[in-house]
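Nothing in this text is a laboratory measurement; each read-out follows from the coordinates by a stated rule. Fair warning: this is a prediction, and the values are worked out from it, not measured in the lab. For neighbour counting, all protein chains shown are included, and Cβ atoms are generated from backbone atoms with ideal geometry for every residue, glycine included.
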Amino acid sequence: MRDPFGKLLLFGATGDLAQRMLLPSLYGLHADALLSPGLTITGTARSSLSDAEYRDFAAKALATHLPEDRKDEARIASFLDRLQYQPLDASKTDGFGALAEKLGDISDGLAIFLSTAPSLFEPTIQGLASAGLAGDNVRIGLEKPLGFDLASSCEINDAVAAVFPENRTFRIDHYLGKETVQNILALRFGNSLFEPVWNATGIDHVQITVSETVGLEGRAGYYDDVGALRDMVQNHILQLLALIAMEPPARFDGTSIRDEKVKVLRSLRPIVGKDAANLTVTGQYTGGASSGKIVAGYAEELEKPSRTETFVAIKAHVDNWRWQGIPFYLRTGKRMTERRSEIVVQFKPVPHSIFAERGGVLQSNTLIIRIQPEEYVRLLVMAKEPGLDREGVRLREVPLNLSLDHEFASTRRRIAYERLLLDLLEGDPTLFVRRDEVEAQWHWIDAIRAGWDAADVKPKPYAAGTWGPSAAAGLTERDGVTWNE
Ligand code: BG6
């Protein structure tokens, strides 16, 4: 373990993310004695709350969001003791002096977690610098949205870089904190089995699906300006793609891994002009049934018509030697049939089937990496059905199952933010997104959006509770590929 950091400062301390994820995650670390004993957590936001009121607020968040078996009164009480609160209007520099005073001595280090509206990034960074809260021993974690296109993301990154050098800037993509996402590295680089066939010779195509059943969840103001492409593909899905497609890094460290990821992101074949309409499908959900309930359509939830996509499917390519000609089908959407994040790697068929003349039908091998809600790695392989085979050989696809839920049943699954907050405190950048990665991501996304605008692409309706518009099936079926559903 690296040097423990002395203090943590949470912006957006009364927000939804703080309540659902950050406070429960910090409690999880505290309860397992992973935070240094003297570490204080200072929350800040606009609301005018006293320390005691913020502790009450945090206690309620824990009561609502912690699983019952994690609630331990004594530990909750000692966790709340670490908390204090300072109201702040981050748009003005003058309040930052009082914030610095509240924090007190930061000579043992300060980690800042900044989740704020894009318009507040610049003033916040300037405020921190003006109050002496940006020195060599201060690290900053940045939560999305970090801009809405390449230009605005560069603006935010420049504002941050003027005060915090890249090695003290930790951009968060919470998918990288998920256990099964990190398991992609273990699977690919901890086993000799896969690497020899992990290329255009061995693999037919890759599918990445992140489907959700939730709708707007009260985030209309944010989501309607953003849409599925920016909300999910620009970050989470492209990070998954990079981990699947990258070359083996030489070391398990922030530089080696991120060097390899950025090469993949820069090798994404640009989808420009007419291709934006041909290689993508967008959709917007209408009313339907989701998770057994009748739900309203997007426009009804929003209370106005909108052209924002709540679903997107893309046929992507990585233009390098390893992946030449291999499609990566990506899709994500709200209000879909089920919540599922998974990667499907479809291998090529055997070059010649010895079973054909005996009536045996082969299917090519498939590797399924299920990230959530279950965590497993499943390899579908061909096996012979038992029998004397007088009427021909009967072959069947059977799963080789690595259930991570089952194998590691006794290990508690942590919230992605537990891992990321601890890494931020300890200064390990491996699971954070480097500036060049973010820029390569936006570069690719912006071209798609420009193509949509030029071709006046409108999202196609799909009923809530389905797998998206039927055109999404068409996107793969014209290549003879079916989505794994
Ligand atoms: C966030 C998006 O980044 O990820 C949300 O803004 C989305 O719209 C969420 O719901 C999904 O995260 P998870 O961990 O539930 O898959």
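Taking the radius of gyration and the Kirkwood hydrodynamic radius from Cα positions alone, what is the Rg/Rh ratio for the stretch 7-172, to two decimal places?
On the Cα set of the stretch 7-172, Rg over Rh gives 0.96.
Computed on alpha carbon atoms, what radius of gyration and Dmax characterise the stretch 108-198, expressed in Å?
17.2, 55
What list do you get for Thr116, Thr124 if you sort them by fewest beta carbons within 10 Å?
Ordered by Cβ neighbours within 10 Å, fewest first: Thr116, Thr124.
Quick one: angle between helix 51-65 and the longest Cα principal axis of the chain, in degrees between 0 and 90, rounded to 10, please.
20 degrees
Taking the alpha-carbon distance from Lys7 and a cut-off under 20 Å, which lysines remain once sequence neighbours fewer than 8 residues away in the same chain are dropped?
Lys7 reaches Lys102.
For Phe170, list long-range residues whose amide hydrogen, built 1.01 Å from N in the peptide plane, is under 5 Å from its own amide hydrogen.
Those qualifying (amide H under 5 Å, at least 5 residues apart or on another chain) are Ile140, Gly141, Leu142.
Kindly rank 305-315, 372-382 from highest to lowest mean number of other beta carbons found within 10 Å of each residue.
Put in order of decreasing packing, that is 305-315, 372-382.
Tell me, what is the percent relative contact order of the stretch 249-337, built from C-alpha pairs under 8 Å that lie six or more residues apart?
Computed over the stretch 249-337, the figure is 26 percent.
Output the direction-averaged projected area (hull surface divided by four) of the convex hull of the alpha-carbon atoms of the stretch 350-477, in nm².
The directionally averaged projection comes out at 15.2 nm².
In square nanometres and to one decimal, what's the mean projected area of the convex hull around the Cα atoms of the stretch 290-361?
9.2 nm²
Quick one: which residues, 5 or more positions from Gly273 or on another chain, have an amide H under 5 Å from its amide H? H modelled 1.01 Å from N in the peptide plane, none for Pro or chain starts.
Those qualifying (amide H under 5 Å, at least 5 residues apart or on another chain) are Gly451.
Of Lys178/Lys304; Lys92/Lys334; Lys144/Lys460; Lys92/Lys178, which sit over 29 Å apart, Cα to Cα? Don't skip to the end; give the middle numbers.
Values: Lys178/Lys304 35 Å; Lys92/Lys334 36 Å; Lys144/Lys460 27 Å; Lys92/Lys178 36 Å.
Lys178/Lys304; Lys92/Lys334; Lys92/Lys178, as the Cα separations exceed 29 Å there.
Using θ = phi - 60° and the Karplus relation 6.51 cos²θ - 1.76 cosθ + 1.60, list the HN-Hα couplings for the stretch 11-20 in order, rounded to whole Hz, with x at every Gly or Pro.
Karplus values, whole Hz, x for Gly and Pro: 7, x, 5, 10, x, 5, 4, 4, 5, 7.
Ranked from highest to lowest mean number of other Cβ atoms within 10 Å per residue, what is the order of the peptides 146-157, 349-360? Before the final figure, lay out each step's value.
On the way: 146-157: 18.2, 349-360: 11.5.
Averaged packing, sorted descending, gives the order 146-157, 349-360.
Using modelled backbone amide H atoms (1.01 Å from N, in-plane), which distant-in-sequence or interchain residues come within less than 5 Å of Leu268's amide H?
Asp319
Could I get the Rg over Rh figure for the chain? Both from C-alpha atoms, Rh via Kirkwood, rounded to two places.
Using only Cα positions, Rg/Rh for the chain is 0.99.
For a label point 7 angstrom out from the Cα of Glu338 toward its Cβ, which stretches of the stretch 359-391 have the backbone nitrogen within less than 20 Å?
Only 366-381 pass the distance filter.
Please give the charge dipole size of the chain, origin at the Cα centre, charges +1 on K and R Cβ atoms and -1 on D and E Cβ atoms. Round to the nearest 20 debye.
Values: 55 positive and 66 negative charges, 205 e Å.
Taking the Cα centre of the chain as origin, the dipole is about 980 debye.
May I ask for the Kirkwood hydrodynamic radius of the stretch 183-321, worked out over all distinct Cα pairs and given in angstroms to one decimal?
Kirkwood hydrodynamic radius for the stretch 183-321: 17.5 Å.
What distance in nm separates the two pseudo spin-label positions at Lys92 and Arg390, each 7 Å out from Cα along the beta-carbon direction?
So the label points at Lys92 and Arg390 sit 9.3 nm apart.
So which aspartates and glutamates pass the test for Lys315, namely a Cα distance under 14 Å, with those fewer than 8 places away in the same chain ruled out?
By straight Cα distance, Lys315 reaches Asp204, Asp275, Glu477, Asp479.
Just subtract the alpha-carbon distance of Asp51 and Phe355 from 0.36 nm times their residue separation and send over the number in nm, one decimal.
Gain on extension, Asp51 to Phe355, equals 102.2 nm.
How many angstrom separate the Cα center of the stretch 152-220 from the Cα center of the stretch 407-485?
When both Cα centres are located, 8 Å separates them.
Can you give me the distance in nm between label points at Ala471 and Phe252, each placed 7 Å from the Cα along the Cα-to-Cβ direction?
4.4 nm
So for the stretch 1-88, considering every pair of alpha-carbon atoms, how many percent are separated by more than 14 Å?
61 percent
Return the whole-Å distance between the Cα centroid of the stretch 64-91 and the Cα centroid of the stretch 96-150.
First find each Cα centre; the distance between them is then 21 Å.
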